[in-house]
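These notes are about the structure you will find just below.
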Amino acid sequence: MFIALWEFFYGHFFRFWMKWLLRQMTGKCELQRIFDTYVGAQRTHRIENSLTYSKNKVLQRAPLVVQSEVDRCVEDIMKEKKINPEKDDSFKISMKACLLQISGYKQLYLDVESVRKKPYDSDNLQHEKLLIKLWNLLMPTKKLKARISKQWADIGFQGDDPKTDFRGMGILGLINLVYFSENYTSEAHQILSRSNHPKLGYSYAIVGINLTEMAYSLLKSEALKFHLYNFVPGIPTMEHFHQFYCYLVYEFDKFWFEEKPESIMYFNVYREKFHEKIKGLLLDCNVSLTLKI
């Protein structure tokens, strides 16, 4: 009850008067003070919050603009806040950079969601080629005898036809598996080999698809904002999402063998434990989770 009252009075009264007082003392608006004080994800995050909770309609709409409208939006903000570009020549550059990150994050989620919604289609030649590419990347010395085959279990699929395993994440699950195998081939071979451990083994492909779901859910919940705002100085793209997925694959394998689960039956327990660990890391405003090999 007390917290709710404090948030109400702070949002409706104290914040307004505090901003007014600081403007009188410094001669600068809240946005300018943020640029003077913070860098990296802290800066973008505080700018986003300041714009979102502003009572000014122009500022409220700013976090929602698409990339093509960013330049115009910056001009409108400067006009509303009466910021003279000759006196503060860095404001325009800094605000544009922040808005590109903010709008870019939203666009990245839409792009990822669009791919996730596309089901694997065995009649789609591109999908089939991508699946065969995954096999060739992971098993370069072993020929796949048939498209529908028990051999798929060798790289961690559940059945004779991998398409059934892509239901939850659609073609996104396959794209991520191929990306990791193509860009980190030696690491993929190492992890595939470790996944066949007689006691601590797990289904490589199934876990990979599961980690795609984890990356997707973290993006959707906006938990990746600090990471991407620090990791990407400009506009985050699908490439950066794939890179984060690769980090998860590599780190999960290490985590799994460090934890030494009693059985694969406890996978969901350890998966959630790993998930909580990653969410904890992502709370750090200075976080940048990159694959270091």
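Using the Cα atoms as the points, what is the convex hull volume per residue of the range 96-233 in Å³?
On the way: hull volume 17.3 nm³, N = 138.
Cα-based convex hull of the range 96-233, divided per residue, equals 126 Å³.
Pairs spanning more than 22 Å between alpha-carbon atoms, out of LYS117/LYS150; LYS225/LYS292; LYS143/LYS163; LYS133/LYS260; LYS28/LYS55; LYS220/LYS277: LYS117/LYS150; LYS133/LYS260.
Size of the dipole of the chain about the Cα centre, Lys and Arg at +1 and Asp and Glu at -1 on the beta carbon, nothing else charged, in debye to 20?
The calculated dipole for the chain is roughly 420 debye.
Anyone know which of MET78, MET169, MET95 comes out most mobile in the 10 Å Cα GNM of the chain? The residue that fluctuates most here is MET78. Shown here for the range 187-293: GluC sites (Glu not before Pro) in loop regions (DSSP other than H, G, I, E, B) with at most 16 other Cβ atoms within 10 Å, namely GLU222, GLU262.
Measuring r between the beta carbons of TYR38 and ASN124 and using R0 = 35 Å, the FRET efficiency lands at 0.15.
The calculated P(r) of the chain, using every Cα pair and 5 Å bins from 0, goes 1, 5, 11, 13, 14, 13, 11, 8, 7, 6, 5, 4, 2, 1, 0, 0 in percent. Helix 40-52 and the longest principal axis of the Cα set of the chain meet at an angle near 60°.
Measure nothing but the geometry: give the 0 to 90° angle between the long axis through the Cα atoms of 185-194 and the longest principal axis through the Cα atoms of the chain, rounded to 10°. Between helix and principal axis, roughly 60 degrees.
Going Cα to Cα from LYS57, which aspartates and glutamates come in below 20 Å? Please leave out same-chain ones fewer than 8 positions away. Within the straight-line cut-off, LYS57 pairs with GLU30, GLU48, GLU69, ASP71, GLU75, ASP76, GLU80. Of the whole protein surface, HIS45 contributes about 60 Å² of accessible area at a 1.4 Å probe radius. With the charge dipole of the range 122-283 set up from +1 on Lys and Arg Cβ and -1 on Asp and Glu Cβ about the Cα centre, the Cα lying farthest toward the positive end among the listed residues LEU248, GLY208, PHE274 is that of GLY208.
The simple Förster model, with R0 at 30 Å and r as the Cβ-Cβ distance, assigns ASN268 and GLU222 a FRET efficiency of 0.80. Note on ASN136 and THR52: their simple-model spin labels are 4.5 nm apart, each label 7 Å out from Cα toward Cβ. Helix 238-259 and the long axis of the chain differ in direction by around 60°, with both axes built from C-alpha atoms. Once each of the chymotrypsin sites (Phe, Trp or Tyr not before Pro) sitting in a DSSP loop with at most 15 other beta-carbon atoms within 10 Å is removed, the chain keeps 54-293 as its longest stretch. The length gained on full extension between ASP161 and LEU200, counted as 0.36 nm times the residue separation minus their Cα-Cα distance, comes to 11.6 nm. Of CYS285, CYS98, the order by accessible heavy-atom surface (1.4 Å probe, DNA, RNA and ligands excluded), from most exposed downward, is CYS285, CYS98.
For the pair LEU283 and PHE257, what calculated FRET efficiency results from E = 1/(1 + (r/R0)^6), where r is the Cβ-Cβ distance and R0 = 30 Å, to the nearest 0.05? Provide the component values of the computation, followed by the final result.
Working: r = 25 Å, r/R0 = 0.85.
Result of the calculation: an efficiency of 0.75.
The values are calculated or read from the model by the stated rules, or taken from the named source; none is laboratory data. Just so it is clear, the structure is predicted and the values come from calculations on it, not from any experiment. Note that we place each Cβ from the backbone using ideal geometry, even for glycine, and neighbour counts take in every protein chain shown. Note: accessible area is taken over every heavy atom of the protein model, side chains too, but ligands, DNA and RNA are not part of it. Shrake-Rupley method; radii C 1.70, N 1.55, O 1.52, S 1.80 Å.
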